[in-house]
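What follows is one structure encoded as C-alpha cells, with my remarks underneath.
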Amino acid sequence: MRRQLTVALAVLCLLGTGTASATGHRPQARTESGVVRGTDAGRVESFLGIPYAAAPVGDLRWRLPRPAPRWPGVRDTISYGAPCAALASTNGPRSEAEDCLFLNVQRPAGTRPGQRLPVYFWIHGGGLRNGSGAQHDGSLVVRRTGVVVVTINYRLGVFGFLGHPGLTAEDGESGNYGFADQQAALRWVHRNIAAFGGDPRRVTIGGESAGGFSVCAHLSAPASRGLFAAAMIQSGSCPTQTLASAEAAGTSLAQALGCADVACLRALPAGRLLDAGAATPVSITRGVPTLPGDPAEAVRTGRFAHVPVVIGANRDEGRTFAQGFIGQTREQYETFVRSTFGDTVLARYPWPATADRFTAAYLVGAIFTDAGRLAGIGGCPNLALTRAFAAHTRTYAYEFAHRTGPGLAPEPAGYVWGAGHAAELAYVWPSFDNGTPIAPTFDASERRLAADMVDAWGRFVRAERPFAVGVSPWPSFDRTARVMSLRAGGRSISVPDTEIAADHNCDLWVS
C-alpha cells in the first residue's frame with residue numbers, strides 16, 4: 001500500500017496535478033453492514049477493504065455469495081483486504097486466502113452523502129486466475145476527474161470458476177462463483193454508494209483482459225441489468241464455456257484429488273486445491289441462471305444492454321505472450337508458423353533480412369495479435385467485436401498505439417514490449433506494475449498520454465462521451481467507423497477502421 005501511494009503521488013507530480021499532504025481527517029460512511037472509517041490523503045478519501053459479501057469459507061466454499069455480516073461500532077478500512085487465493089504471478093505473490101471478498105471506494109475529499117457523483121467500477125484482469133483490486137489505486141482518476149472509483153476482489157481459479165455436477169445440484173448451477181461475486185459487488189454499490197456520495201444510476205463498469213471478458217458477460221447477464229449505465233472493455237473479448245465443459249474439468253480435478261463428492265473437495269486445504277487446479281481450465285460459464293446465454297452471440301444479435309460502450313485493444317497485444325520464442329532461429333520460427341498456421345501466413349510474416357535474438361518473438365507476437373490467438377484479444381477479432389457492438393449501441397473505439405514505452409518489466413533486457421497486453425494500465429492506474437513501478441519512468445510525452453487517457457476515461461464516466469482537452473476529437477464508431485489511436489505527446493488522432501484492419505492484416509485473418 002505504501003509503495004502504491006508513493007508511486008501514485010510521484011506520477012501526480014510528474015503530471016503537474018500537485019500533491020497534498022494528509023490532513024489527519026478520518027472520513028466515515030454508513031453502509032448496510034455498519035459504519036466504515038477511511039483515510040484522507042488531502043484530495044482523495046479512501047475506504048479500503050470493505051467486505052461486500054460473507055467470507056466464502058467452509059460450507060460457503062463454492063456457494064453463490066451471501067450478504068456480508070454486520071459489525072458493531074466503526075470499522076477501520078485503511079488497508080486493502082487479502083487478495084483471493086491465487087498462485088504467484090506477475091500480478092502478485094501467492095495467496096491462499098479465501099476470506100477475500102472486499103472492495104475499495106475512493107472519492108474526492110469533502111464529498112457528502114447523496115452528492116451523486118458518477119462511479120467507475122473496475123474489474124481487474126489476470127486470466128480469472130490472479131490479480132486483485134489492490135493493483136489499481138484510483139487516486140489519479142479521482143483527483144483529475146472528480147468521480148468515485150470502486151475496485152474489487154472476486155474469487156479466482158478453481159475457487160471462482162469450478163464446475164462440478166455435485167455443485168450444480170446444490171445451487172442449480174456451478175462454474176460462475178467469481179462472476180457472481182462481481183454481481184454481488186455491483187449490487188452492493190447500487191445499495192450503498194450514495195452513502196459515499198456516488199450515484200447508483202451513473203455507474204460505469206470497466207475491466208481489462210479477464211475484466212473485459214467479465215464486462216462483456218455482464219452486458220447480457222439478466223441479474224446485472226440495471227446495475228450500470230455504461231461499459232468499458234480494455235483488451236477483452238467475450239469467451240465462455242458450456243456448463244458441460246466446466247463440469248467435466250471439475251470432475252477431472254476431483255478425481256485427481258481423490259475426491260468422490262463435493263464434501264471431500266470442501267474439506268481440502270486451500271493450498272492443495274490451488275496447486276492441483278493450476279492446469280484446470282477456467283472460464284466464465286454460460287447456460288446457467290447467472291449467465292443463460294452466450295455473450296458473444298448476444299453481442300452479434302443485439303441481445304445485450306444497449307448502454308454506451310468504449311472498447312479497445314493494444315497495438316501489440318501478443319508481444320506480452322510471445323517471449324517464449326526469444327532466441328529461436330529462422331528455421332524454428334518457420335517450422336512453427338507452417339505447422340500452426342500454414343504457408344500463407346508465413347508469406348505475410350516473413351523472416352527479415354536483418355534479425356536478432358528477439359525477431360522470432362516479435363513476429364509471433366504480431367501473428368498472435370492480428371489473429372486474436374489469445375482468447376480473441378486484440379487485432380482483427382477486436383475490430384470485429386467493435387463493429388458488432390456499434391451495430392446496436394453507441395460505441396467508442398480506441399487502439400493504444402504507443403509502442404516505445406517502458407514496457408511491463410525491465411526483463412528480458414533489450415526486449416521491446418511495444419504496446420503489449422496490459423501496457424496501457426499504468427497510464428490510468430499508476431500503481432500498476434509487473435514487479436517494477438512503471439509510471440515513474442515515463443518521459444514527458446508519456447506523462448501527457450497518461451493525462452489524456454485519464455481525462456478521456458473520466459469524461460466517459462461522467463458524460464458517457466470520452467473527451468480529453470488538447471487531443472483530437474473522439475468520434476463515435478457507430479457513426480463514423482473511426483478509432484482513436486492513442487499516442488504519446490498529445491498526438492492521439494482518430495483513424496478509419498480500414499487503417500486498423502490493414503495494420504493487422506485482417507484480409508488474411510477474417511474469412
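The values are calculated or read from the model by the stated rules, or taken from the named source; none is laboratory data. Source: prediction; values computed, not measured. Quick reminder, even Gly has a Cβ in these numbers, built from the backbone with ideal geometry, and neighbours come from all protein chains shown.
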Criterion (acidic (Asp, Glu) and without any contact (Cβ under 8 Å) to a residue 60 or more places away in the chain) met by exactly one of Glu247, Glu317, Glu297: Glu297
Go through region 177-259 and tell me which helices (runs of 4 or more DSSP H), entirely inside it, have 2 or more residues that are of a type in the set (Phe, Trp, Tyr) and either surrounded by 21 or more Cβ atoms within 10 Å (Cβ to Cβ) or touching a strand residue (DSSP E or B) at 6+ places or on another chain (Cβ under 6 Å) (or both). 177-192
Taking region 433-453 and keeping only residues that are part of a helix (DSSP H, G or I), closer than 28 Å to Pro93 by Cα and in contact with a helix residue (DSSP H, G or I) (Cβ under 8 Å, 6 or more places away or on another chain), one is left with Ala439, Pro440, Ala450
Result of the Cβ filter at 6 Å on region 361-386, keeping first residues that are assigned by TED's automatic domain parsing to the domain that holds Ala296 and partners that are surrounded by fewer than 23 Cβ atoms within 10 Å (Cβ to Cβ), at least 6 apart or interchain, is none
Selection count where residues are surrounded by fewer than 19 Cβ atoms within 10 Å (Cβ to Cβ) and touching a residue at least 40 places away in the same chain (Cβ under 8 Å), scope region 407-442: 6
Return the residue satisfying two criteria in turn: it lies in region 31-65 and is surrounded by fewer than 20 Cβ atoms within 10 Å (Cβ to Cβ) and among the aliphatic types (A, V, I, L, M), and of such residues it is farthest from the chain's Cα centre (by Cα). Val35
Being within 23 Å of Gly378 (Cα to Cα), assigned to a helix (DSSP H, G or I), of a type in the set (Asp, Glu) and modelled with pLDDT of 95 or more narrows it down to one residue among Glu331, Glu297; which is it? Glu297
Being of a type outside the set (S, T, N, Q) and not in a helix (DSSP H, G or I) narrows it down to one residue among Ala347, Ala384, Ala353, Ala360; which is it? Ala353
Residues of region 422-436 satisfying the condition of being under 16 Å from the mean Cα position of the chain (by Cα) and of a type outside the set (A, V, I, L, M, F, W, C): Glu424, Tyr427, Pro430, Ser431, Asp433, Asn434
Specify which of the listed residues (Ala419, Ala444, Ala439) is within 22 Å of Tyr120 (Cα to Cα) and either more than 21 Å from the chain's Cα centre (by Cα) or among the aliphatic types (A, V, I, L, M) (or both). Ala439
